[in-house]
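A short write-up of the structure that comes next.
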Amino acid sequence: MNAQPIFDAKAPVRHDWTLEEIQALFAMPLLDLVHRAQMVHRQYHDQTVQLASLLSIKTGGCAEDCHYCPQSAHFSKATGLAKETQLDVDYVLSRAKMAKEAGATRFCMGAAWRSVRDGAEFDAVLDMVRGVRAMNMEACVTLGMLKPHQAKRLAEAGLTSYNHNLDTSPEFYGEIITTRTYEDRLETLNLVRAEGIGICCGGIIGMGEKEMDRASLIRELSKMNPHPDSVPINALVAVRGTPLEGRPPVDAFDMVRMIAVARITMPKSRVRLSAGRSEMSAEGQAMCFMAGANSIFYGEKLLTTDNNDAAADRDLIEKLGLRAEEIEERSAHFDLDNTEEVGTGA
Ligand code: SAM
Ligand code: DTB
Ligand code: SF4
C-alpha cells in the first residue's frame, strides 16, 4: 500500500550519473522515457518556453576545423561562405530590440573566432553585452576560447551566459575537431564558471556518433557543478561543402530521446531544442517539449542557416497550451536552487 511510484519524490540534482545509468535511460522504451522526463520537468519547471534569438556578429573565416561548421576557413572554398567583418554595435542592438519586441527574452551573439583577441572587436562585443542587458534581456555570447581576464571583463559587462559546447563525447571528439582539444573546451568553461557567468553548453547529434557517445556527452555535461543553465541540443545541419555534408538527417525520435535524457539528468537546466528544428514536424517538436525541452532559437536565422518561421513558432506554442516566457519571469529561473545537490562533479 505504501509503495509510492518512484517519481513522486522530487528528482535529486546529481552530478555523479554513471555511463551505465545514462545508457539505461537511452535504452528505455521511448514513451516510458518521455513520461519520466515529463515528471521531472513538472517538478522543476512551469509550462513556459524561452525564446532565444541568435545573431552571427562575426561570420566566417574561423581557424578551427569543426567538421560540422560552415564558418570554418578550412572548408570555405567548398562551402562558398565568405568571411565578413564584425557587425557594428548599433546595428546589433537594433536587432536585439527587434528580437525583444518579437517576444525573445534572451539574445545570443556568435562570433566565428577560435579564441578572443583583446582589442577593438572584443571591446565592441562588451558594449553589445551591456546594451542587451540594459534592455533587460539575457545576454549570451559564443566567442571561442577565453583567457581569464577576458572572462572577467565579460562578467563585468553583465553577461548572463557563455555558450561553449562540448559538441560530442570525449571519445568521438577527435573525429570532428582536430584543432583544439576537449580539455581546451573544459578549461574555458571553468574560467567562465569561476567568474560566476552562466554556462550554456550542449552538443550535436547526427555526426556519425554512436548512442554510447551521446550518453558519454550527457555524462560530461551532468558532471558540471552547477549544471549548465542551458543545454542546447542540436541536430546536425549538414551544410554543403563541410566534411559532414552527406550525413543522413537525424530521426526526430533521436532528438526526443536525447532531450529526455538531458532533462532527467539535468533537471533544473533549460534544455534548448536547437539547430535542426526546421526539419522537424510540429508533432516532432511537440514531443520534444513533452520530453522536457523548454527553450528554442527564435527568429528567421540561426547563425548562417535558416531557422523556423517566428509566427509558426508562436502558433505552435499556443496550440500546445504552452506559453512564451516573459521578461519578468526570466530571473525566476535562476532561483531554483532550493533542492539538494547530490554528487560532487568534476
Ligand atoms: N566559435 C564559437 C565556438 O565554436 O565556440 C562559436 C560559434 S559555434 C557556430 C557554436 C555551436 O554551434 C557549435 O559548438 C556547434 O555545437 C553548433 N553548430 C555549429 N554548426 C552547426 C551545424 N552545422 N549543425 C548543428 N550545430 C552546429
Ligand atoms: C548552439 O548550440 N547552437 C547555435 C548556438 N549554440 C550558437 C548555433 C547553431 C548553428 C547552426 C548552423 C548555422 O546556422 O551556421
Ligand atoms: Fe565554427 Fe565555432 Fe568551430 Fe569556428 S570554432 S569552426 S565558428 S564551430
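Would you say Ile22 is within 22 Å of Ile296 (Cβ to Cβ), among the β-branched types (Val, Ile, Thr) and either modelled with pLDDT of 95 or more or not in a helix (DSSP H, G or I) (or both)? Answer is no for this residue. Would you confirm whether or not the range 36-46 contains a residue that is out of contact with any strand residue (DSSP E or B) (no Cβ under 6 Å at 6 or more places or on another chain), part of a loop (DSSP other than H, G, I, E, B) and crowded, with 17+ Cβ neighbours inside 10 Å? For the range 36-46, residues out of contact with any strand residue (DSSP E or B) (no Cβ under 6 Å at 6 or more places or on another chain), part of a loop (DSSP other than H, G, I, E, B) and crowded, with 17+ Cβ neighbours inside 10 Å: present. Between Leu236, Leu186, Leu143, Leu191, which is closer than 21 Å to Ile296 by Cβ and either at pLDDT below 95 or of a type in the set (A, V, I, L, M, F, W, C) (or both)? Only one candidate passes the filter, namely Leu236. As for the range 1-8, it holds no residue that is modelled with pLDDT under 95, within 16 Å of ligand 2 (Cβ to nearest atom) and either farther than 23 Å from Leu221 by Cα or crowded, with 18+ Cβ neighbours inside 10 Å (or both). Would it be correct to say that Lys301 is under 19 Å from the mean Cα position of the chain (by Cα), in contact (Cβ under 8 Å) with a residue 12 or more places away in the chain, surrounded by fewer than 23 Cβ atoms within 10 Å (Cβ to Cβ) and within 16 Å of ligand 3 (Cβ to nearest atom)? Judged against the criteria, Lys301 is a match. Among the residues of the range 51-76, the ones that are of a type in the set (Val, Ile, Thr) and either open to solvent by 30 Å² or more (accessible area, probe 1.4 Å) or part of a strand (DSSP E or B) (or both) come to 1 in all. Only one of the listed residues (Gly284, Gly321) is modelled with pLDDT of 95 or more and in a loop (DSSP other than H, G, I, E, B). That residue is Gly321.
Selection over the range 81-94 of residues that are away from ligand 1 (no atom under 15 Å from the Cβ) and either surrounded by fewer than 18 Cβ atoms within 10 Å (Cβ to Cβ) or polar (S, T, N, Q) (or both) gives a count of 7.
For the range 83-99, the criterion of being under 25 Å from Met207 (Cβ atoms), more than 18 Å from the chain's Cα centre (by Cα) and part of a loop (DSSP other than H, G, I, E, B) is met by at least one residue. Scanning the range 187-232 for residues that are touching a residue at least 40 places away in the same chain (Cβ under 8 Å), more than 13 Å from Ser269 (Cα to Cα) and among the aliphatic types (A, V, I, L, M) yields a total of 10.
Might you let me know whether the range 125-138 holds any residue that is within 16 Å of ligand 1 (Cβ to nearest atom), assigned to a helix (DSSP H, G or I) and touching a residue at least 60 places away in the same chain (Cβ under 8 Å)? Yes - at least one qualifying residue is present in the range 125-138.
Looking across Arg185, Arg180, Arg153, one residue alone is closer than 24 Å to Arg117 by Cβ, within 16 Å of the chain's Cα centre (by Cα) and among the charged types (D, E, K, R). It is Arg185. Check whether at least one residue in the range 13-33 is within 16 Å of ligand 3 (Cβ to nearest atom), more than 30 Å from Ala311 (Cβ to Cβ) and open to solvent by 10 Å² or more (accessible area, probe 1.4 Å), and report yes or no. Within the range 13-33, not a single residue is within 16 Å of ligand 3 (Cβ to nearest atom), more than 30 Å from Ala311 (Cβ to Cβ) and open to solvent by 10 Å² or more (accessible area, probe 1.4 Å). When Gly103 is tested against (1) within 16 Å of ligand 2 (Cβ to nearest atom); (2) of a type outside the set (A, V, I, L, M); (3) at positive phi; (4) open to solvent by 10 Å² or more (accessible area, probe 1.4 Å), just one condition goes unmet, and that condition is (1). Within the range 99-121, residues that are over 18 Å from Ala275 (Cα atoms) and touching a residue at least 40 places away in the same chain (Cβ under 8 Å) sit with their Cβ atoms under 7 Å from residues that are within 14 Å of ligand 3 (Cβ to nearest atom) and among the hydrophobic types (A, V, I, L, M, F, W, C), at 6+ positions apart or across chains, in these pairs: Trp113/Cys62; Trp113/Leu143; Arg114/Cys62; Arg114/Ala63; Arg114/Met145. Say whether the condition of being within 15 Å of the chain's Cα centre (by Cα), open to solvent by 10 Å² or more (accessible area, probe 1.4 Å) and either within 16 Å of ligand 3 (Cβ to nearest atom) or at pLDDT below 95 (or both) is met by at least one residue in the range 267-275. Yes, there is a match, as at least one residue in the range 267-275 is within 15 Å of the chain's Cα centre (by Cα), open to solvent by 10 Å² or more (accessible area, probe 1.4 Å) and either within 16 Å of ligand 3 (Cβ to nearest atom) or at pLDDT below 95 (or both).
Among the conditions (1) open to solvent by 10 Å² or more (accessible area, probe 1.4 Å); (2) over 28 Å from Arg263 (Cβ atoms); (3) not aromatic (Phe, Trp, Tyr), the only one that Lys210 does not satisfy is (2). When Thr168, Thr188 are checked against the criterion of being more than 20 Å from Ala111 (Cα to Cα), within 15 Å of ligand 3 (Cβ to nearest atom) and of a type in the set (S, T, N, Q), Thr168 stands alone in meeting it.
The values are calculated or read from the model by the stated rules, or taken from the named source; none is laboratory data. Quick caveat, the model's predicted, so the values are computed rather than measured. We place every Cβ from the backbone using ideal geometry, glycine too, and count neighbours over all the protein chains shown. Accessible surface areas use protein heavy atoms only, side chains included; no ligands, DNA or RNA. Shrake-Rupley method; radii C 1.70, N 1.55, O 1.52, S 1.80 Å.
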